[in-house]
1. Listed residues THR276, THR267; which is among the hydroxyl-bearing types (Ser, Thr, Tyr), outside any loop (DSSP other than H, G, I, E, B) and within 9 Å of ligand 1 (Cβ to nearest atom)?
2. Does the range 197-213 hold any residues that are more than 13 Å from ligand 2 (Cβ to nearest atom) and more than 22 Å from TRP185 (Cα to Cα), and which are they?
3. I'd like the full set of residues that are in a strand (DSSP E or B) and hydrophobic (A, V, I, L, M, F, W, C), limited to the range 233-251.
4. Can you give me the number of residues within the range 265-317 that are of a type outside the set (Gly, Ala, Ser) and in contact with a Pro (Cβ under 8 Å, 6 or more places away or on another chain)?
5. Report every pair of residues separated by at least 6 positions or lying on different chains whose Cβ atoms are under 7 Å apart, first residue within the range 29-47 and more than 29 Å from GLY241 (Cα to Cα) and of a type outside the set (Val, Ile, Thr), second more than 16 Å from ligand 1 (Cβ to nearest atom) and part of a strand (DSSP E or B).
6. Does ASP195 satisfy the criteria of being in contact (Cβ under 8 Å) with a residue 60 or more places away in the chain and either polar (S, T, N, Q) or over 19 Å from ILE341 (Cα atoms) (or both)?
7. Restricting the search to the range 105-142, which residues are farther than 19 Å from ARG19 by Cβ and either touching a helix residue (DSSP H, G or I) at 6+ places or on another chain (Cβ under 7 Å) or outside any helix (DSSP H, G or I) (or both)?
8. Assuming ASN95 fulfils every condition listed in (1) over 19 Å from ALA311 (Cα atoms); (2) buried (at least 23 other Cβ atoms within 10 Å of the Cβ) apart from one, which condition is it?
Amino acid sequence: MTLSFPLTQNPAPATDEAREAILANPGFGKTFTDHMVTATWTAGEGWHDGGVVPFGPLQLSPAAAVLHYAQEVFEGLKAYRHADGSVWCFRPEANAARMQRSCRRLALPELSTEDFIGSLKALVSADEAWVPAAGTGETSLYLRPFMFASEAFLGVRPANEVTYSVIASPAGAYFSGGLKPVNLWISTDYARAGDGGTGAAKCGGNYASSLAGQLEGNEHGCDQAVFLDSSTHTYIEELGGMNLFLVYQDGRIVTPEITGTILEGITRDSILGIATELGLTPEERRIPIQEWKDGAASGDIVEVFACGTAAVVTPVGELRWDGGSVNHRTSATDDKVAVAIRNQLLDVQYGRGEDKHGWMTRL
Ligand code: PLP
Ligand code: COI
């Protein structure tokens with residue numbers, strides 16, 4: 001049975017002036033729309049009580065299992081306004097499928113693809129005024145579906161009561177400073193995920209475990225940390241919230257293969273899908289960190305970029321580690337491949353380019 005999401009209007013929505021002021025300069029993840037989705041799952045009963053309700057604090061017992069054992073997953077995708085005023089989402093069925101995989105790993109109940117997309121449609125239809133106008137740069141409405149163990153119970157077992165919610169947040173650039181390259185720190189003290197762990201799931205715990213590495217990076221003047229495989233500390237995995245691509249002089253673009261410890265990014269997969277259209281040769285394999293250091297120093301690696309829904313495609317400037325650094329960028333006009341891929345993706349997402357792969361869904 002499909003879930004329905006009837007609307008309970010927010011009696012005190014943001015004024016038009018307040019909303020427009022936020023949309024003029026949204027930043028990332030700081031402000032939220034007037035409504036949110038909620039639904040409940042109970043063991044034996046399944047999903048019920050779907051709705052779109054006023055955005056506000058959740059009622060949660062201090063004994064809710066998520067607060068103790070982190071039984072939680074989330075997703076991230078964006079709603080884009082096209083020039084004709086319509087609102088679209090990029091590959092939402094891929095986010096639905098990834099959330100189902102994450103749920104299986106975290107022993108949470110799955111939400112069907114139909115209900116997942118239905119919940120996005122219900123929220124965006126209630127808060128359509130919050131989707132930034134077309135032609136306002138790269139602004140969009142970031143959608144954050146999430147699911148957590150809301151049962152008040154301190155025994156360690158999968159919860160019998162689970163809450164699903166979607167909130168929405170107007171989004172500009174993830175990194176303040178626009179398309180400025182980011183500097184990365186190689187984290188050797190910390191790993192993000194290990195074999196058999198939850199690295200491939202989009203669950204809060206992975207982000208909690210990435211923060212110490214990110215802090216260490218910040219202390220060394222870097223924006224983000226690069227995590228290596230936890231068993232040999234040799235191979236590149238990903239950043240705390242983004243996948244990585246290395247661009248070689250001969251036109252290869254290489255990204256770490258999926259090993260079960262990195263997130264299967266939908267942007268990563270889309271880039272692998274469009275690379276040949278841009279005359280590039282995509283490659284997925286294990287990449288020793290030494291290959292990056294050497295390639296950047298010799299000029300064999302001409303660009304590196306990070307990718308993800310929030311950051312789209314963001315060039316990497318310097319790579320630093322304990323005792324050294326390399327910078328493959330020589331001028332601000334570099335990053336030709338990153339910029340070409342970024343524009344190709346954005347053109348599809350904003351309806352300016354042909355959607356050859358059928359990636360867009362109208363909300
Ligand atoms: N890796 C991590 C750890 C992430 O959090 C994200 C962001 O969602 C990505 C990669 C990129 O995934 P996607 O392109 O699906 O947003
Ligand atoms: C995204 O890109 O959607 C993410 O979830 C990354 C980060 C904001 C956690």
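1. Working: THR276 fails: within 9 Å of ligand 1 (Cβ to nearest atom).
Of THR276, THR267, the one residue that is among the hydroxyl-bearing types (Ser, Thr, Tyr), outside any loop (DSSP other than H, G, I, E, B) and within 9 Å of ligand 1 (Cβ to nearest atom) is THR267.
2. Within the range 197-213, GLY197, THR198 meet the criteria.
3. Residues of the range 233-251 that are in a strand (DSSP E or B), as a first pass: 235-239, 243-248.
Answer for the range 233-251, where residues must be in a strand (DSSP E or B) and hydrophobic (A, V, I, L, M, F, W, C): ILE236, LEU239, LEU244, PHE245, LEU246, VAL247.
4. Step one: filter the range 265-317 for residues of a type outside the set (Gly, Ala, Ser), giving 266-269, 271-272, 274, 276-278, 280-294, 300-305, 307, 309, 312-316.
After this cut, where a residue has to be in contact with a Pro (Cβ under 8 Å, 6 or more places away or on another chain) as well, the list is 271-272, 276, 284-287, 303-305, 314-316.
Qualifying residue count for the region: 13.
5. If the second residue must be more than 16 Å from ligand 1 (Cβ to nearest atom) and part of a strand (DSSP E or B), the pairs left are TRP47/ALA39; TRP47/TRP41.
6. Details: in contact (Cβ under 8 Å) with a residue 60 or more places away in the chain: yes; either polar (S, T, N, Q) or over 19 Å from ILE341 (Cα atoms) (or both): yes.
When the stated conditions are applied, ASP195 passes them.
7. Step one: list which residues in the range 105-142 are farther than 19 Å from ARG19 by Cβ, which gives 105-122.
Those that are farther than 19 Å from ARG19 by Cβ and either touching a helix residue (DSSP H, G or I) at 6+ places or on another chain (Cβ under 7 Å) or outside any helix (DSSP H, G or I) (or both): LEU106, ALA107, LEU108, PRO109, GLU110, LEU111, SER112, THR113, PHE116, ILE117, LEU120.
8. (1)
The values are calculated or read from the model by the stated rules, or taken from the named source; none is laboratory data. Treat the numbers as computed from the prediction; the structure is a model and nothing was measured. Ideal geometry is used to build each Cβ from the backbone, glycine not excepted, and the neighbour counts take in all protein chains shown.
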